[in-house]
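Chemist: A single structure is presented below for examination.
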Amino acid sequence: MKHVLAIFAVVSIARAQLPQFEVASVKPGATRELNGIYTHPGGRVTLRGCTLRYMIMEAFDVQPFQISGGPGWITDDRFDIDAKPPTSSKSSRSNPPYDKAPPNEEQRQMLQTLLVERFHLAYHRDVREGPIYLLVKTNKPLKMTDAKEKNAYPWSGGLGGGMIMGDGLAGINEDMPDLAQRLSRYLGRPVLDRTGLMGSFDFRTEYHSDELRPDVVTMILASVQDLGLKLESSKGPIETIVIEHAEKPTAN
């Protein structure tokens, strides 16, 4: 009983302190899409085939290694969400340049409220000192060019256009903070941009190895250096979202 009361106390705090969507529909995932999140003019946010774990990543702007605890279904069960902010919110006047643009801070807070209310998410934040990487510029010439399409969706990943595998790195209209964030997912630790480079870039660098399945971390470290950058090991605070409780929502 005390645990249930604590959950409702968290819900009340979220309602009182964080903005919330005016209307939100939550249903079991009905498509083959996995972890798709989109933002639309007017502040509407849609999620397709998203796990609760992924939604927590988006809501709190953290990486997978920054989430701990929770029941097993949070990484398996998928959900579709269609949420609209109130007309009084700043987000209702937003006009993202493309539907894959990340949620703004207010939309992330609204998503936090939704997860607390609809998934009965109870959590606490833990911050500890741990290993991080600093993305820095070296004295080598940059093998990156100014982005040709400044309105293109900022992206970096594997040479084939998808996930980073082991053959190199490519980027389109990519800025350094976003590159750092994307790399952190594969490196398993936060990456902070310390390059001082402004603007966005296009780049492509191939990686060759005698191994049948090259180690991705080794490939990333080498490919980043080939671009004229470097990942330096360091120490820093790492925030973790610790899940204390979560429930599957009732579809509506």
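Chemist: Give me the extension gain from LEU34 to ARG185: residue separation times 0.36 nm, minus the current Cα-Cα distance, reported in nm with one decimal.
Modeler: That works out to 52.7 nm of additional length.
Chemist: Something else: Hey, can you grab everything whose amide H is under 5 Å from the amide H of THR138? Only 5+ residues off in sequence or another chain; H modelled, so Pro and N-termini drop out.
Modeler: Placed amide hydrogens put LEU229, LYS230 under 5 Å from THR138.
Chemist: Let me ask something else about it. Give LYS84/LYS248; LYS84/LYS148; LYS27/LYS84; LYS137/LYS235; LYS100/LYS137; LYS27/LYS100 a once-over and call out the pairs whose C-alpha atoms are over 25 Å from each other. Walk me through the numbers on the way to the answer.
Modeler: Values: LYS84/LYS248 21 Å; LYS84/LYS148 34 Å; LYS27/LYS84 15 Å; LYS137/LYS235 19 Å; LYS100/LYS137 28 Å; LYS27/LYS100 21 Å.
Violating the 25 Å limit, Cα to Cα: LYS84/LYS148; LYS100/LYS137.
Chemist: Please list the non-local residues whose amide H lies under 5 Å from the amide H of GLY29, H modeled 1.01 Å from N, same-chain partners needing a gap of 5 or more.
Modeler: Answer set, sorted by chain and number: ARG78, PHE79, ASP80.
Chemist: Calculated from DSSP H runs of 4 or more alone, at -39500 (n - 2.57) each and per residue, what is the 222 nm mean residue ellipticity of the chain, nearest 500?
Modeler: Values: 5 runs with 62 residues, N = 252.
It lands at -7500 deg cm²/dmol.
Chemist: Alpha carbon centre of the stretch 16-92 versus the stretch 110-152: separation in Å?
Modeler: 17
Chemist: Okay, next question. Given points 7 Å out from each Cα along the Cα-Cβ axis, report the ASN151 to ASP76 separation in nanometres with one decimal.
Modeler: Calculated label separation equals 4.5 nm.
Chemist: In addition: How many percent of DSSP beta bridges within the chain run antiparallel, rounded to 5?
Modeler: 90
Chemist: Mind listing the phi-derived Karplus ³J(HN,Hα) values for the stretch 154-170, rounded to whole Hz, using 6.51, -1.76 and 1.60 with θ = phi - 60°, and x for any glycine or proline?
Modeler: x, 8, 8, x, x, 5, x, x, x, 5, 6, 10, x, 9, x, 10, 9
Chemist: Identify which of the listed values of Rg and Dmax of the Cα atoms in Å was calculated from the structure shown: (i) 16.6, 52; (ii) 20.3, 70; (iii) 19.7, 63.
Modeler: Working out Rg and Dmax of the Cα atoms in Å from the coordinates points to (iii).
Quick note: the coordinates plus some simple rules give every number you see, no bench work behind them. Please read all numbers here as calculations on a predicted model, not as lab measurements. Cβ: placed from backbone, ideal geometry, glycine included. Neighbour counts: every protein chain shown.
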